[in-house]
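Okay, structure first, notes after.
The values are calculated or read from the model by the stated rules, or taken from the named source; none is laboratory data. Source: prediction; values computed, not measured. Please note: Cβ atoms are built from the backbone with ideal geometry, for glycine as well, and neighbour counts cover all protein chains shown.
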Amino acid sequence: MTNKQYAGYIIYTPSMKPWFSWIRWINPIYYSFEALFINELDGLRVDCAPPQLFPLQGGGPQGCAITGAEPGASSLMGQAWGNQALEFYKSHVWRNFGIVIALWLFCLFICIIVIERLPAAGSNKAVLLYKRGGGGKFIRASNQNGNGPKDEEEGAGQAQPNEKQSGKTDSDKAKEQVHAANT
């Protein structure tokens, strides 16, 4: 909420109290808003309507009574209004872009540090997450029975069902058994 209030839209920059105006300098929304807003105002020409034209009733030349208007002019440039009313400047656009990127990188760096420093839930540095020689009761029991999973690095032997068979296939072995039984 504070970020939105001190972005320069709800409370204009010149109206900010000095003891809270420092918030805008650490607020990425302020930098983004200034860059986008002054970019939209650049080249905009606004004609003043009768409520902003003074004097209201004839009697001399009328002038626009909006901040940033030239004396005696009946229109005003958007960038001039942004400069004087909001203290937003076109020269700050790329500076603000760089500051937003720098703030993002700073926050990313802080997140990386914090994530690396915080311990995982339920663990500490003295606990191993994976025991050596572990693997659970099922794998230990199947290894003791001799029907444990085979690894192709162990050498010739029974392959896993999803691995490519080396040598003869099961259908070739079955055909040989049928042929041997018939002869």
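Filtering segment 28-64 to residues that are in a loop (DSSP other than H, G, I, E, B) and modelled with pLDDT of 85 or more leaves ASP42, GLY43, LEU44, CYS48. Does PHE109 satisfy the condition of being in a helix (DSSP H, G or I), within 26 Å of the chain's Cα centre (by Cα) and either surrounded by 11 or more Cβ atoms within 10 Å (Cβ to Cβ) or of a type in the set (S, T, N, Q) (or both)? Judged against the criteria, PHE109 is not a match. Exactly one residue among ALA180, ALA156 is among the aliphatic types (A, V, I, L, M) and modelled with pLDDT under 70, and that residue is ALA156.
Pairing residues of segment 6-25 that are under 21 Å from LEU103 (Cβ atoms) and assigned by TED's automatic domain parsing to the domain that holds LEU103 with residues that are at pLDDT below 70 and of a type in the set (A, V, I, L, M, F, W, C), at Cβ distances under 9 Å and at least 6 apart in sequence or on separate chains, gives ARG24/ALA7.
If the condition is being of a type in the set (Val, Ile, Thr) and closer than 17 Å to ARG24 by Cβ, then segment 69-107 contributes VAL93, ILE99, VAL100.
Take LEU41 and decide whether it is surrounded by 14 or more Cβ atoms within 10 Å (Cβ to Cβ), in contact (Cβ under 8 Å) with a residue 60 or more places away in the chain and within 43 Å of the chain's Cα centre (by Cα). Answer is no for this residue.
ARG24 fulfils the conditions (1) crowded, with 18+ Cβ neighbours inside 10 Å; (2) touching a strand residue (DSSP E or B) at 6+ places or on another chain (Cβ under 6 Å); (3) at pLDDT below 85 except for a single criterion, (2).
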